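What follows is a short report on a single structure.
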Amino acid sequence: MNPLAGHRLGQGTWYMGEDPAHAQAEIGALQLGIDLGITLIDTAEMYGDGGAERIVGAAIAGRRDAVTIVSKVYPHNAGRDDVQRACERSLSRLGIDCIDLYLLHWRGNVPLAETLDGFAALQRAGKIRAFGVSNFDTADLQEARRLAGGEAIATNQVMYNLRRRGIEFDLLPWCRAHDVPVMAYSPLESDRREQRRMLAEPALVAVAERHGATPAQIALAWLFAQGVTAIPKAVQPAHVRANRAALDIRLTQEDLMALDAAFSPPRRAVPLEML
Ligand SMILES: NC(=O)c1ccc[n+]([C@@H]2O[C@H](COP(=O)([O-])OP(=O)(O)OC[C@H]3O[C@@H](n4cnc5c(N)ncnc54)[C@H](OP(=O)(O)O)[C@@H]3O)[C@@H](O)[C@H]2O)c1
């Protein structure tokens, strides 16, 4: 079964593990999320130079079976042999024996066939349960899909939110048609200024008022309505609680039309945006 099955919401960890002074708050936020049922956690060897994986390891200690862990390998570590070593390092930082879903963070210079071979070897060795990709546009996915192991790609994690809807033109339909679940990263806009701009949009504010919710919750509920898995990162406990509560919001056709009018869907193919 796909490790993402049943997970519409996860917890991101970018920028965690960078400052020891924040470690307790970060661990506490992830644990609060798990307690509230947000048991999918997204991390990467890149985040905090391994620091985020250590934070996740501390947060899940003693409750490994309750969580689903996604991590990512740097493109420059994604060679057939290098990826074995990178995965071992991630496992050790996470304090677990097996990563549920291991992704190529973005496409680099290592041939995809080699990375897929490396992922298959890790899977056979029981070090990862499933594998996937991130920041792949439609042509990359089509190419990967033709390679040995390509059909087993279990997700494509891409930037997707109300203000960045380019994937709706061809990537999202392609993923739906080929049963590749999409993980939406930066669902609330990573950058603070961009986030403020998105959350202040009058149509979004109006929908939020109708639901007695915050604009951020509506931005997440909108992603759930698209059938993708959103992975907001939240350290403030109030944010973690709000994100969990967003799962209970049901947007109406009227809400969706108002949001479409304010944040228009793409009318032509646009290159995939990435951070
Ligand atoms: N594959 C990739 O290339 C890639 C790229 C980027 C991100 N990601 C993954 O996706 C995750 C999420 O993306 P992101 O971290 O870039 O951006 P994001 O989750 O869209 O935004 C994070 C910001 O939103 C705030 N926030 C969280 N919940 C909120 C709420 N309910 N109301 C108001 N503000 C809220 C957070 O504040 P506090 O932390 O202060 O609570 C933080 O400042 C990352 O952490 C990472 O795991 C993957």
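Just so it is clear, none of the values below were taken in a lab; they were calculated from the coordinates. Since we're looking at a predicted model, the values are computed, not measured. Counting neighbours? That spans all protein chains shown, and the Cβs are built from the backbone with ideal geometry, glycine included.
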Output the residue which, of all residues in the stretch 166-175 that are out of contact with any Lys or Arg (no Cβ under 9 Å at 6 or more places or on another chain) and either surrounded by fewer than 18 Cβ atoms within 10 Å (Cβ to Cβ) or free of Cβ contacts under 8 Å to residues at least 40 places away in the same chain (or both), is farthest from P266 (Cα to Cα).
C175
Sort out which residues of the stretch 178-194 are more than 6 Å from the ligand (Cβ to nearest atom) and over 22 Å from D140 (Cβ atoms), and write them in order of number.
D191, R192, R193, E194
Does the stretch 224-232 contain at least one residue that is surrounded by fewer than 14 Cβ atoms within 10 Å (Cβ to Cβ), in contact (Cβ under 8 Å) with a residue 12 or more places away in the chain and farther than 27 Å from N156 by Cβ?
no
Taking the stretch 223-238, which residues are out of contact with any Asp or Glu (no Cβ under 8 Å at 6 or more places or on another chain) and either over 19 Å from Y160 (Cα atoms) or hydrophobic (A, V, I, L, M, F, W, C) (or both)?
L223, F224, A225, V228, A230, A234, Q236, P237, A238
Scanning for something farther than 23 Å from Q226 by Cα, without any contact (Cβ under 8 Å) to a residue 12 or more places away in the chain and surrounded by fewer than 22 Cβ atoms within 10 Å (Cβ to Cβ), does the stretch 133-146 turn up at least one residue?
yes
In the stretch 56-108, what residues are assigned to a loop (DSSP other than H, G, I, E, B), in contact (Cβ under 8 Å) with a residue 12 or more places away in the chain, closer than 26 Å to P20 by Cα and more than 19 Å from the chain's Cα centre (by Cα)?
A61, R63, G95, I96, D97
Here is a list: V207, V240, V270. Which entry is more than 20 Å from the chain's Cα centre (by Cα), β-branched (V, I, T) and buried (at least 19 other Cβ atoms within 10 Å of the Cβ)?
V207
